[in-house]
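Data first, discussion second: the structure below is written as structure tokens.
Please treat every number below as a calculation from the coordinates, not as lab data. Everything numeric here is computed off the predicted structure, so don't read it as measured data. Here the Cβ is made from the backbone with ideal geometry for all residues, glycine too, and neighbour counts use every protein chain on show.
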Amino acid sequence: MVTTLEQNPLRVGARALRTPEPCVMVLMGATGDLAHRKILPSLYNLAVDHILPHGFSVIGFSRQDKSHEDFRGEMREAVNTFSRYAPVQPEVWDSFAEGLFFQQADFSDDSCYQQLAECLKKVDQQRGSQGNRFFYLAVPPTVVSEIVEKLGKAGLVTPDARGKSWTRVVVEKPFGRDLQSAERLNIDLQHVFAEDQIYRIDHYLGKETVQNILVFRFANGIFEPVWNRNFIDNVQITVAEDIGIDRRGGYYETAGALRDMVQSHMLQLVTLTAMESPVALDADAVRDEKVKILRAVEPFTAERVGRDVVRGQYGPGWVGGQEVLGYRSEVGVAPNSETETYAALKLFIDNWRWAGVPFYLRTGKRLPKRETEIAITFKAAPLPLFAETAGKMDSNVLAMRIQPDEGMSLKFDAKVPGQGYTIQPVYMDFLYGASFTRQSADAYERLLLDVMLGDPTLFTRKDEVEAEWRIVTPILDAWQSDSEGGFPNYEAGTWGPQCAVDLIKADGRAWRKI
């Protein structure tokens, strides 16, 4: 049993000493799904926890025509639906809603940005936000560069300097489509913003269980001595989803599993699992170590792609007892689409700690269940002392479950009571829900607060995102030159195509049963 202090999950340690300065968030794309499901409910949750700065305000900036009251009504409904503190607390909501405003806008119209400047000036005067602002670009990636250019042209971006008002920008994934487009987008951003003003968001890094990887590794002396090639046989990272594309056919047709999940979320999990201990828990130190891991990944040649990377696309089947369509029958998807909904690969990290240890990654949609897990499989004991009496014994496995049942488990062998040496695997389990009585904050709560605090530790740096694309782009190029995917090649409700099974089976291993 774990004994803990009753603390606010966002007010622990050094963070308790810092309160965000008064500021305004300009939410580009305020009528979109992300704003309704995540951003506004997370801001409301921060208000319930008394973490938002005094006078905090939101200016919705979107194409639809609506009044401030219309916007407030829609956001109240969104909070009632998606907040972890639903239903809304009237006193908290009334105070929070006073800072919600809306401006109809065309992202390509210069006059709209001049009107935004006037609106910001009024909010600064009425709400005391002191000129501090951040722009959250919850918009399609195709319009990011244009918005950033017009923000600069309208004089809405000020230097981020100590003692003066600050301006920041939050950019959602996908950040580019390949290495070239990511580099171009970085150049466009840095024409207007300094690097320390740019927050490239990956919501996985805001999850408590993801942050706990660092604590688990570097706060517990028992694990670090065996966290290397001498004791670890392989690492498996699974991001499984039982849902399909959820009415996002237009987006998913341009992305696919490799861009949508591997390039961002999964490579971030790789870095946290494999990185060396940073010299300090600050943004540059942590991200320096993550970049070192990405740069150490063995490059994917065309030959390696053919051998170590597989892709799949789901056909019709059954998930959770319900019959579901195949990907090509989803709304917005071409009937002959070659977009992958599943990807699996084997990568190696060429450094002293991990040389020769395979990292197996797999992700897919319409799999049997929703699960994100990092599984560390340790090498077998060198002396098979019980082989004759116990038969084949299972390897020790440490599994870190990111979602939905957050926690960790350690599998090891134990003797069954009775005569002889019958051995079977047993488990040591840690569950967040059982050990901590307070509900974890949503990932967006942590990340939005960090933007206000000016802490970029959990955001992706320029060289980091480009290093991720250097790993993934050769795979995309190889697939483009060999477009025969043979799709669909796995039935919805199964664990993916047979070629993924063969990928790991060729090494004498198997995917972990989840």
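Quick notes on this structure:
- One chain, two ends: PHE436 and ASP477. Fully extended at 0.36 nm per residue, the span grows by 10.2 nm beyond their Cα-Cα distance.
- Calculated on C-alpha atoms, the gyration radius of the range 131-219 divided by its Kirkwood radius gives an Rg/Rh of 1.05.
- Range of Cα positions in the range 413-482 per principal axis (Å), largest first: 61, 46, 18
- Dipole-positive endmost among GLY221, GLY32, ILE198 within the chain (Cβ charges, Cα centre): GLY221
- Here r is the Cβ-Cβ distance between GLN125 and ASP350 and R0 is 45 Å; the resulting FRET efficiency, rounded to 0.05, is 0.20.
- Nearest-ten-degree value, helix 110-127 long axis tilted from longest Cα axis of the chain: 80 degrees
- Ordering VAL291, GLN114, PHE71 by Cα displacement along the dipole of the chain toward the positive end leaves VAL291 in first place; charges were set at the Cβ atoms of Lys, Arg (+1) and Asp, Glu (-1).
- Database remark: amide H of GLN103 closer than 5 angstrom to the amide H of GLY60, PHE61, SER62 (H placed geometrically; neighbours at sequence offset of 5 or more, or on other chains; Pro and chain starts carry no H).
- log₁₀ of I(q)/I(0) at q = 0.09 Å⁻¹ - the range 111-264, Debye sum with one point per alpha carbon: -0.47
- Close amide H partners of GLU491, meaning residues 5 or more places away or on another chain with modelled amide H under 5 Å apart, are GLY315.
- Fraction of antiparallel bridges per DSSP, the chain only, in percent to nearest 5: 60 percent
- Rg/Rh ratio calculated on Cα atoms of the chain (Kirkwood radius): 0.98
- Nearest-ten-degree value, helix 462-481 long axis tilted from longest Cα axis of the chain: 60 degrees
- Cα gyration tensor shape of the range 13-172, rounded if a/c is under 1.5, else prolate or oblate by comparing a/b with b/c: oblate
- Once the Cα atoms are used to define both axes, helix 179-190 deviates from the longest principal axis of the chain by about 30 degrees.
- Sequence-distant aspartates and glutamates (8 or more away, or on other chains) whose Cα lies within less than 15 Å of LYS173: ASP33, GLU183, ASP202, ASP260, GLU464, GLU466, GLU468
- Using only side-chain charges placed at the Cβ, +1 for Lys and Arg and -1 for Asp and Glu, the dipole size of the range 13-172 relative to its Cα centre rounds to 600 debye.
- MRE, 222 nm, helices only [DSSP H, n ≥ 4, -39500 (n - 2.57), over the chain, to nearest 500]: -10000 deg cm²/dmol
- Three semi-axes of the equivalent ellipsoid, the range 353-426, Cα gyration tensor, whole Å, largest first: 29, 17, 11
- Relative compactness, the range 270-335, computed as alpha-carbon Rg over 2.2 N^0.38 Å: 1.86
- Less than 5 angstrom separates the built amide H of ARG370 from those of ASP242, all sequence-distant by 5 or more or on a different chain.
- In the chain, taking the dipole from charged Cβ atoms about the Cα centre, the farthest positive-side position among ALA280, GLY321, MET452 is held by ALA280.
- Computed over the alpha-carbon atoms, the range 374-514 gives an Rg to Rh ratio of 1.07, Rh here being the Kirkwood radius from the mean inverse distance.
- Given +1 at the Cβ of Lys and Arg, -1 at the Cβ of Asp and Glu and no other charges, the dipole of the chain around its Cα centre is 820 debye to the nearest 20.
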